[in-house]
Amino acid sequence: MCTVLAMGAALLTTGGVSAVESSATVIAQPARSLPPQQNVPDLDVPGPPQTVTYPPDGKRRFHQSTVTIQAPPYTRITGLNLRCSWACPFAIAPDGKSATGTFNVNTWDFLYPYDVEVVADANANVPLAGGQFSGTFTLDGDTQPLTVNFKPGVQAVIAANLRNTNPRGGGVRVITVDPGSKADTSGLQPGDLIIDIAGTPTPTVNDLDTFLDQKRAGTTYPATVMRGGTTVTLQLTLDS
């Protein structure tokens, strides 16, 4: 479930503006350039949400405006703070990959920073070496990158003694599970037969190893196991 931050306030201009003043201001108004984000957060996978902040340009706008945000790869948007004190609805897509906000006033000043909260996907296949990835933040058609860094990760394993079936190809048999490991707390049990993970069939230990290659410790994937003739689905968190 996404956690949506409270909407704050951008300053709404009050009072009248004469037709002459308005016309002169619009003609003389300099071209706007949205300032770039003022911070690039470092994300863990998995890890807590981090905030990207866009500083204000200090300029007045004489029209309704729209903010459109695209999340960087491997991330979700979990919060948006536009600091708005009037009617400015916003929405975050169910998958967290995009968000939009609308300023439903005709005159407003961009005086306070806007915050976008992003978090790494729980099962993000971010390269183990980490790296930098960008989405976009667009206000009135003016776009700046929304950039995050991912910290380096650790190669994942399943903390259990695993064997092929005999004959090979029937799945991966769990012989023992390391007590207190993430595999243990995820519910994996001795005797389980792992037949797929995240929809990828695992007929042999080699197939399971291929799936685990470059996966990060701490990420979680659905695993299908046969247990006493019954199919069970576990949310299997990987160990280091």
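The values are calculated or read from the model by the stated rules, or taken from the named source; none is laboratory data. Small disclaimer: the values here were computed from a predicted structure and weren't measured. Please note: Cβ atoms are built from the backbone with ideal geometry, for glycine as well, and neighbour counts cover all protein chains shown. Heavy atoms of the whole protein, side chains included, go into the accessibility calculation; ligands, DNA and RNA do not. Shrake-Rupley method; radii C 1.70, N 1.55, O 1.52, S 1.80 Å.
Points worth noting:
- Per-peptide average of other Cβ atoms within 10 Å, ordering 164-170, 123-129 highest first: 123-129, 164-170
- Of A93, A120, A156, the one that fluctuates the most in a GNM where the chain has Cα springs shorter than 10 Å: A93
- Estimated from the Cβ-Cβ distance and a Förster radius of 22 angstrom, the FRET efficiency linking D44 and Y112 is about 0.15.
- Taking amide H positions as modeled 1.01 Å from N, with prolines and chain starts lacking one, the residues under 5 Å from T147 and 5 or more places away or on another chain are G135.
- In the chain, helices alone account for a calculated mean residue ellipticity at 222 nm of -2500 deg cm²/dmol, with every DSSP H run of four or more residues adding -39,500 (n - 2.57).
- For the chain, the share of accessible area belonging to carbon and sulfur comes to 54 percent (1.4 Å probe, ligands and nucleic acids excluded).
- Karplus-derived 3J(HN,Hα), 6.51/-1.76/1.60, for each residue of segment 77-85, Hz, glycine and proline x: 7, 10, x, 9, 10, 9, 6, 10, 9
- Residue-span extension gain [T200 to T68] - 0.36 nm each, minus C-alpha spacing: 44.0 nm
- Taking 7 Å steps out from each Cα toward its Cβ at K151 and A93 produces label points 2.8 nm apart.
- Proximal aspartates and glutamates relative to K182, as straight alpha-carbon distance under 16 Å, when same-chain residues fewer than 8 apart are discounted: D192, D239
- Hz values of 3J(HN,Hα) by residue in segment 117-134 - Karplus curve (6.51, -1.76, 1.60), Gly and Pro given as x: 9, 10, 9, 5, 4, 4, 10, 4, 8, 5, x, 4, 6, x, x, 10, 9, 10
- According to the Cα-based calculation, Rg over Rh for the chain is 1.19, with Rh computed by the Kirkwood formula.
- 0 to 90° range, to nearest 10: angle between helix 19-28 axis and the chain longest Cα axis: 60 degrees
- Extension gain (nm, one decimal) between A122 and T231, 0.36 nm per residue minus Cα-Cα: 36.8 nm
- Candidate residues S186, S33: accessible-area rank, largest first, probe 1.4 Å: S33, S186
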